[in-house]
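Working notes for the structure below.
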Amino acid sequence: MPSPVQTPQAFPTRIFSGIQPSGGLTLGNYLGALQRFVEKQDEGIETIYCLVDMHAITTWQDPAKLRHATREAAAGFIAAGIDPARSILFNQSQVTAHVELGWIFNCVARMGWMSRMTQFKDKAGKNSENVSLGLYAYPALMAADIMAYKATHVPVGEDQKQHLELCRDIAIKFNNDYGVNFFPIVEPVIEGAATRVMSLRDGTNKMSKSDPSDQSRINLTDDADTIAKKIRKAKSDADALPDTLDGLKDRPEARNLVNIFAALANLSPTQVITQYAGAQFGTFKPALADLAVEKLSPITSEMTRLMKDPAEIDRILGAGAARADAIARPIVDQVYDIIGMIRSRQV
Ligand code: AQP
């Protein structure tokens, strides 16, 4: 019987996070995740960012569109400020350690844990018999993505909190099952004014790349006119903005627009509400549209420029994958040794 070892061991701070190239990046991805990725990189922390294409195929993807979306997401990361020399930027399928550890974690995670994942319930809906097994197992692969690097911190939007709790449970169970203190217990980094950006059509639904309505989201590829139009048409209400955040309690669409403003302007929602107390949406929305265009247009233009050279994007992803593999391979090899796999193949 292995003895549970829970001696706290210092793991060096290492950031890992990913985004699925299951469509174009949205303002939700940008404010909830990408902005944080850039901040962490600029703080000088070791940062590893991954386009999780293996997660994307948990729902069927047209191969040509998947390739395009992966390159476009890479362009989005770079345009938003990720420097491939300082951060490791790559696509998941080029580093096989992820799926290898993912399988091992499938054997660690419990069915009961997976069944409680609300994102699976939301995505599968009434169709749970017909969705892929991969969609169900997704959070175990996500835990492997993080643990293949022994990452300690994961910047994410609010919707990923439960998956990170599962990652912690898997790491704890692995450490206990094998009597080791091998994996760190990861900390979610959920920061900023817009950790859950909501749909522009319905303030109770998350803004999502896969929402059938393009009007529900701002894409990082939208031009200035489209961004301004989508914000002007965003669902709101007939009341003026209140003078405290409490006044937005039952006004999800208004709250969402205030949060988006705050995140884009690098202010707190309270500062925005103080500035716009008493303003009608006829005043607030154009101000928000101008701000969004000012912040997003340079990113869109740079993405367009980068997408003209897909071979260069592929080169960056390949170089990032080689650096990622150099970290993950020895970790996964140690996992094989811990769990009792023979590794005698000559390389
Ligand atoms: N609306 C959002 N607000 C704040 N953060 C968000 N994120 C996604 N949507 C929002 C954060 O972006 C990171 C990458 O998410 P993902 O694309 O890998 O998966 P997702 O959460 O399932 O995003 P989508 O847009 O809803 O994708 P689809 O439609 O393909 O399922 C995560 O950190 C997430 O929190």
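Among the criteria (1) surrounded by 14 or more Cβ atoms within 10 Å (Cβ to Cβ); (2) among the polar types (S, T, N, Q); (3) away from the ligand (no atom under 12 Å from the Cβ); (4) not in a loop (DSSP other than H, G, I, E, B), the one residue 256 does not fulfil is (3).
Residues are listed down the side, and each one gets a yes or a no for (1) closer than 27 Å to residue 222 by Cβ; (2) outside the structural domain of residue 83 (by TED's automatic domain parsing); (3) touching a Ser or Thr at 6+ places or on another chain (Cβ under 9 Å):
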{"residue": "243", "(1), (2), (3)": "no, yes, yes"}
{"residue": "255", "(1), (2), (3)": "yes, yes, no"}
{"residue": "261", "(1), (2), (3)": "yes, yes, no"}
{"residue": "266", "(1), (2), (3)": "yes, yes, no"}
{"residue": "294", "(1), (2), (3)": "yes, yes, no"}
{"residue": "331", "(1), (2), (3)": "no, no, no"}
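I'm trying to understand the selection: among the residues of segment 33-47, which are touching a Lys or Arg at 6+ places or on another chain (Cβ under 7 Å) and buried (at least 22 other Cβ atoms within 10 Å of the Cβ)? Full working, then the answer.
Keep residues of segment 33-47 that are touching a Lys or Arg at 6+ places or on another chain (Cβ under 7 Å), which gives 41, 46-47.
Scanning segment 33-47 gives a single hit, 47.
Which residue out of 177, 145 is in a helix (DSSP H, G or I) and away from the ligand (no atom under 16 Å from the Cβ)?
On the way: 145 fails: away from the ligand (no atom under 16 Å from the Cβ).
Step by step, each of 177, 145 is checked, and only 177 is in a helix (DSSP H, G or I) and away from the ligand (no atom under 16 Å from the Cβ).
Checking each residue in segment 67-94 for being within 12 Å of the ligand (Cβ to nearest atom) and free of Cβ contacts under 8 Å to residues at least 60 places away in the same chain picks out 69, 73, 77. Selection within segment 92-117: residues that are hydroxyl-bearing (Ser, Thr, Tyr) and out of contact with any helix residue (DSSP H, G or I) (no Cβ under 6 Å at 6 or more places or on another chain). The member of this set that is surrounded by the most Cβ atoms within 10 Å (Cβ to Cβ) is 96. Tell me, which residue of segment 48-64 that is touching a Pro at 6+ places or on another chain (Cβ under 9 Å) and farther than 26 Å from residue 13 by Cβ is surrounded by the most Cβ atoms within 10 Å (Cβ to Cβ)? In this case the residue turns out to be 56. Residue 139 meets each of the listed conditions (1) crowded, with 22+ Cβ neighbours inside 10 Å; (2) away from the ligand (no atom under 16 Å from the Cβ); (3) not hydroxyl-bearing (Ser, Thr, Tyr) apart from (2). Here no helices (runs of 4 or more DSSP H) wholly within segment 1-107 include at least 3 residues being touching a Phe, Trp or Tyr at 6+ places or on another chain (Cβ under 7 Å).
For residue 334, are the conditions met, namely being polar (S, T, N, Q) and touching a residue at least 60 places away in the same chain (Cβ under 8 Å)?
Numbers: polar (S, T, N, Q): yes; touching a residue at least 60 places away in the same chain (Cβ under 8 Å): yes.
Yes, satisfied.
Scan segment 228-253 for residues that are within 16 Å of the ligand (Cβ to nearest atom), surrounded by fewer than 22 Cβ atoms within 10 Å (Cβ to Cβ) and assigned to a helix (DSSP H, G or I) and report the count. First the steps, then the outcome.
Keep residues of segment 228-253 that are within 16 Å of the ligand (Cβ to nearest atom), which gives 230-231, 234-235, 252-253.
Within this subset, residues satisfying the condition of being surrounded by fewer than 22 Cβ atoms within 10 Å (Cβ to Cβ) are 230, 235, 252-253.
Filter once more, keeping what is assigned to a helix (DSSP H, G or I): 230, 252-253.
Total meeting the criteria: 3.
The values are calculated or read from the model by the stated rules, or taken from the named source; none is laboratory data. Note that this is a predicted model, so its numbers are computed, not measured. Cβ sites come from the backbone with ideal geometry, for glycine too, and all protein chains shown count toward neighbours.
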